[in-house]
Each structure stands twice: as structure tokens, then as C-alpha cells.
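Here's the structure we're looking at; comments come further down.
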Ligand SMILES: [Zn+2]
Ligand SMILES: [Zn+2]
Ligand SMILES: [Zn+2]
């Protein structure tokens, strides 16, 4: 497990530090997205003196290197998620249970082409995140209203 991350970091030319590896391990144990504060709480078990700014900085570096996915909720709160799928795809995120599902359909290429023609410039990337309730949570919510 640790070797997998080590080579991921090396491929991205990010320095492999014990803290970065520990962050990846923390997130690998979760199937949901976590807030920097939650990651900090888990990291403090191993690095007693680690500060929240260090966590924020490492999370940003890891997401800029595309090792971690950033999840931004409608209230602007940032969360992080470790996805092993390296190919181009997008995420559905459940706002209630924080489950993440990969969406392999990307309809943005056409939009990019439209934009490129219009601005007569160059397009580099796009961000698309679909927010909602997963099937379990939407069922629970509906039952809640009816009961
Ligand atoms: Zn859910
Ligand atoms: Zn994914
Ligand atoms: Zn896309």
C-alpha cells in the first residue's frame, strides 16, 4: 500500500514525506470525502505536534498534483477524497452521507469546443462536480417526510 503512494508521489515529482504518505493512508481508509479538520484529527494520532496549516498546505499540494480530489460543497467548504481512478472522469458527491461515485461520462468536450471558438483562445481543463443525494439517502429523506 505504502509503496503504491510512494511511486504515485514520485511520478508527480512531489517529495515523498511521512506526512504526505500518512494523509494518503488516512484517506485510503475512507470511502467518503473528509474535511481538513477531520484529517487533522486522525493525523494527530501519529504526529502529535502537527498543525492545521500544515494539513491545509499538504492537501492543496496533493490536490494540485491530482493525487487527491478536492470536493467543494455549495457552502464553499472544501473536502478531500482519494480516488484511485486515474483516467479523466467526474464525481457525483452525496451531500448527506458524503459518498463519492465516479461518473465516466463527460459531456464537457463539446462545451469546451464552443468556448474555444468563441474566445478564440486555448482551453486547458474543466471542473465538473455533480452534487445531490445518493439513492439510499434520497430514500431515507423521502421516508422521513412521509413518516
Ligand atoms: Zn448518500
Ligand atoms: Zn473518481
Ligand atoms: Zn470532463
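Please treat every number below as a calculation from the coordinates, not as lab data. The model shown is predicted, which means the values in this text are computed figures rather than measured ones. Glycine gets a Cβ as well: all are built from the backbone with ideal geometry, and neighbour counts include every protein chain shown.
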- Full extension from residue 84 to residue 141: what is 0.36 nm times the residue separation minus their Cα-Cα distance, to one decimal in nm? 17.5 nm
- May I ask for the distance between the Cα centers of the stretch 76-139 and the stretch 46-63, given as a whole number of Å? 25 Å
- Say we join alpha carbon atoms closer than 10 Å with springs in a Gaussian network model of the chain; which of 44, 70, 19 then has the biggest fluctuation? 44
- Message: Using helices alone, I'd like the mean residue ellipticity at 222 nm for the chain: each DSSP H run of four-plus residues gives -39500 (n - 2.57), total over residue count, nearest 500.
- Response: -13500 deg cm²/dmol
- Message: Below 8 Å between Cα atoms, with a sequence gap of 6+, how large is the relative contact order for the chain in percent?
- Response: 18 percent
- Three semi-axes of the equivalent ellipsoid, the stretch 1-84, Cα gyration tensor, whole Å, largest first: 18, 16, 12
- Query: Roughly how many nanometres apart are two label points built 7 Å out from the Cα toward the Cβ at residue 47 and residue 19?
  - Reply: 0.4 nm
- What base-10 log of the normalised intensity I(q)/I(0) is obtained for the chain from the Debye formula, alpha carbons as equal point scatterers, at q = 0.15, 0.16, 0.21 Å⁻¹? -0.88, -0.96, -1.31
- Message: Mean-square fluctuation check for the chain, GNM, Cα pairs under 10 Å: which of 38, 110, 61 is largest?
- Response: 110
- Among the stretch 89-108, those whose backbone N falls under 19 Å of a label point 7 Å along Cα→Cβ from residue 38 are 91-102
- Query: Over the Cα atoms of the stretch 85-147, how large are the radius of gyration and the largest Cα-Cα distance (Dmax), in Å?
  - Reply: 16.7, 55
- Förster-model FRET efficiency, 22 Å R0, residue 123 and residue 12, C-beta, rounded to 0.05: 0.45
- DSSP-defined antiparallel bridges as percent of all bridges, the chain, nearest 5: 70 percent
- If you average the sequence gap of Cα pairs under 8 Å that are 6 or more apart and divide by the length of the stretch 1-84, what percent do you get for the contact order? 28 percent
